[in-house]
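Encoded as structure tokens, the structure appears first; notes follow it.
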Amino acid sequence: MVVYEGKAVFEGVAIGKLSVYKKNEETVKREKVDDVDAEIARYAEAREAAVEQLQALYEKAVKEVGEASAEIFEAHQMMVEDEDFIEAAESIIQSQSVNAEYAVAETGDNFKKMFEEMEDEYFRGRAADIKDISERIIRILQGNGNAGIESDEPSIIVADDLAPSETVQMDKDKILSFVTVHGSANSHTSILAKTMNIPAIIGCSIPLTDEVNGKQAIVDGFEGKVYVDPEPEVLEAKKKILAAELEKKELLEQLKGKENVTLDGQKINLYANIGNTKDLGLVLKNDAGGIGLFRSEFIYLGSEDYPTEDEQFAIYKQVAETLAGKKVIIRTLDIGADKQADYFKLPAEENPALGLRAIRICLTRPEIFKTQLRAILRASAYGKISIMFPMIISVDEVLKIKEILAEVKAELDGEGIPYDKEIETGIMIETPASVMMAEELAKEVDFFSIGTNDLTQYTLAIDRQNQSLDEFYDSHHPAILKMLKIVVDSAHKYGKWAGICGELGADLSLTKEFLAMGFDELSVSPGRILPLRKIVRETDVSRYKAEK
Ligand code: PEP
Ligand code: MG
């Protein structure tokens, strides 16, 4: 067994034969031509054919992987028609009286180098696209048309690098995974691989020789490893992971795009919890209806100093735009207790969980709070954002928050900065005090989201961080379940919605109960959305209530 390591760009496990992908690399010869004009015309015809091919590829990709991922082929069409590229190639034909194939190959190489040397990682990633379009034009000039990809049995494709047009032309049913020696995580190849749900590894030093070709292998996209000729026990272990993955995938495939509706017609929103923008792929992959909890404190925890308004704005805007109009609930800073950032210089506390944390910090240090609110409000012009405040214990706090929010809005108005004037605001219910005050609080906010992790800790007087108390930390405690019902009823009484964003929301043994209680939303880690959807769709709420 030989193990090769690389960078995993999409998780999953694939087991099968390796198939070394050799490019259709016809060598381009430099040939003198007599009729330079005819050569330039030949180049123009080849460009036209390339644009047609790319249009067909675009249409194929739209169907298979969606509009956003297909855009690369529109970009390629533009590259084929790029004035600078055309001028450079025509000038080679003219000045050296040479064939179009040679001129395009030279120009492609020059442009590729130019992109590779650029500072910006995005542009460096485009070097592969330049190579891709020049090879396409050369193939057409050589009369090779649209090179296909052979693959008789489903296999793991191993290549030096894969151009986006190559991956999209591949017959997906015959590909278990792909592994490339080169390629960047930002390249469209990686992006397409993710959209296609194929485990993929890049930057892997696997040799592209006939010796490797046809060998049995395992690609582990969790570890970023390729096992060639795996030992039996490794194979067994990976098969188990693969079986579990396949089961999940099946579930995923069947339920994607379906409504979260019970047998008797009750609907519920299933949203995702995220900690940073890296989780966005999972949100989309798991078909979440929105983001029910963006734990914004991770932005602060990942910084050496207070993140600026612009830094935060860029992140919130990216999340809002990626979700494309679906709801994104950003929870304001919930630092303190178990989440500490040195630069906050918070005082040492006897009982940090009962100390200066979350909204208490925001209300005592409004400059930090205002910076975040400005960033969130500015980003609200780019999607559908809601703001949620953590650790609330009183109506008074909510009124203070509203005052500060109004000040920030007035500042933005004064500066002519756009934001969503109707932005929804809600609070987390995670203290017993907020449960007791739920009716009064419901009059002041648009929604409640229950943080059962903290609510359990504060209700049962059990430190959620203390492992030795795990046996006492009973989140199914009747006191908690009673509280959930009080909260949802209080919200509904005043026409507001209520959800759960603590871990209990993903507890499948309680899904029916949550539906019976009338929850409007459950926000869970992305991987739990589809298992939850399955239960929702199998539940008859009225029957469940009658049988209880
Ligand atoms: C909770 O307390 O349930 C919650 C969702 O917030 P966190 O886990 O981030 O404290
Ligand atoms: Mg909490």
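Can you find a residue in the stretch 67-75 that is aromatic (F, W, Y) and closer than 15 Å to D129 by Cβ? Yes, the stretch 67-75 contains at least one residue that is aromatic (F, W, Y) and closer than 15 Å to D129 by Cβ.
So is D463 out of contact with any strand residue (DSSP E or B) (no Cβ under 8 Å at 6 or more places or on another chain), over 19 Å from A498 (Cβ atoms) and either touching a residue at least 60 places away in the same chain (Cβ under 8 Å) or within 15 Å of ligand 2 (Cβ to nearest atom) (or both) or not?
So D463 passes the test.
Quickly run through the stretch 44-67 and pick out the residues that are free of Cβ contacts under 8 Å to residues at least 40 places away in the same chain, closer than 22 Å to K285 by Cβ and of a type in the set (G, A, S). Within the stretch 44-67, none qualify. Looking across the stretch 218-235, the residues that are of a type in the set (D, E) and either closer than 12 Å to S177 by Cα or free of Cβ contacts under 8 Å to residues at least 24 places away in the same chain (or both) come down to D220, E233.
Would you check which residues across the stretch 371-420 are without any contact (Cβ under 8 Å) to a residue 40 or more places away in the chain and within 16 Å of ligand 2 (Cβ to nearest atom) and list them? Answer for the stretch 371-420, where residues must be without any contact (Cβ under 8 Å) to a residue 40 or more places away in the chain and within 16 Å of ligand 2 (Cβ to nearest atom): just E397. Among the numbered conditions (1) away from ligand 1 (no atom under 16 Å from the Cβ); (2) polar (S, T, N, Q); (3) surrounded by 14 or more Cβ atoms within 10 Å (Cβ to Cβ), the only one that S475 does not meet is (1). Selection of the stretch 384-405 for residues being more than 17 Å from K496 (Cβ to Cβ) and crowded, with 22+ Cβ neighbours inside 10 Å yields I385, P390, M391. If you filter the stretch 430-457 down to residues that are within 12 Å of ligand 1 (Cβ to nearest atom) and free of Cβ contacts under 8 Å to residues at least 60 places away in the same chain, you find that the one that is farthest from I480 (Cα to Cα) is S434. In the stretch 23-56, the residue that is farthest from E250 (Cα to Cα) out of those that are basic (K, R) and surrounded by 12 or more Cβ atoms within 10 Å (Cβ to Cβ) is R30.
Scanning the stretch 334-368 for residues being within 16 Å of ligand 2 (Cβ to nearest atom) and in contact with a Leu (Cβ under 9 Å, 6 or more places away or on another chain) gives a total of 13.
Listed here are the residues, each with its yes/no results for (1) within 16 Å of ligand 2 (Cβ to nearest atom); (2) over 23 Å from the mean Cα position of the chain (by Cα).
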position: A479; (1), (2): no, yes
position: K485; (1), (2): no, yes
position: D489; (1), (2): no, yes
position: G495; (1), (2): no, yes
position: I500; (1), (2): yes, no
position: T511; (1), (2): no, yes
position: L515; (1), (2): no, yes
position: R533; (1), (2): no, no
position: E538; (1), (2): no, yes
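Scanning the stretch 385-427 for residues that are more than 13 Å from R374 (Cβ to Cβ), within 16 Å of ligand 1 (Cβ to nearest atom) and touching a helix residue (DSSP H, G or I) at 6+ places or on another chain (Cβ under 8 Å) yields a total of 6. Of all residues in the stretch 97-119, those satisfying the criterion of being in contact (Cβ under 8 Å) with a residue 60 or more places away in the chain and either in a helix (DSSP H, G or I) or over 17 Å from A46 (Cβ atoms) (or both) are S97, A100, E101, Y102, A103, V104, A105.
Looking across the stretch 236-258, the residues that are without any contact (Cβ under 8 Å) to a residue 24 or more places away in the chain and either crowded, with 18+ Cβ neighbours inside 10 Å or among the acidic types (D, E) (or both) come down to E236, E247, E250, E253. Per this entry, K493 is counted among residues that are touching a helix residue (DSSP H, G or I) at 6+ places or on another chain (Cβ under 7 Å), basic (K, R) and either away from ligand 1 (no atom under 16 Å from the Cβ) or over 29 Å from G383 (Cβ atoms) (or both).
Could you run through the stretch 511-548 and say how many residues are polar (S, T, N, Q), in a loop (DSSP other than H, G, I, E, B) and exposed (fewer than 15 other Cβ atoms within 10 Å of the Cβ)? Number of matching residues: 0.
Looking at S523, S509, just one residue is of a type in the set (G, A, S), at pLDDT 95 or above and away from ligand 1 (no atom under 14 Å from the Cβ), and that residue is S509.
Scanning the stretch 22-39 for any residue that is in contact (Cβ under 8 Å) with a residue 60 or more places away in the chain, farther than 27 Å from L208 by Cβ, part of a helix (DSSP H, G or I) and out of contact with any Ser or Thr (no Cβ under 7 Å at 6 or more places or on another chain) turns up at least one such residue.
The values are calculated or read from the model by the stated rules, or taken from the named source; none is laboratory data. These numbers were taken from a predicted model, which means no experiment stands behind them. Every residue, glycine as well, gets a Cβ built from its backbone with ideal geometry; the counts of neighbours run over all protein chains shown.
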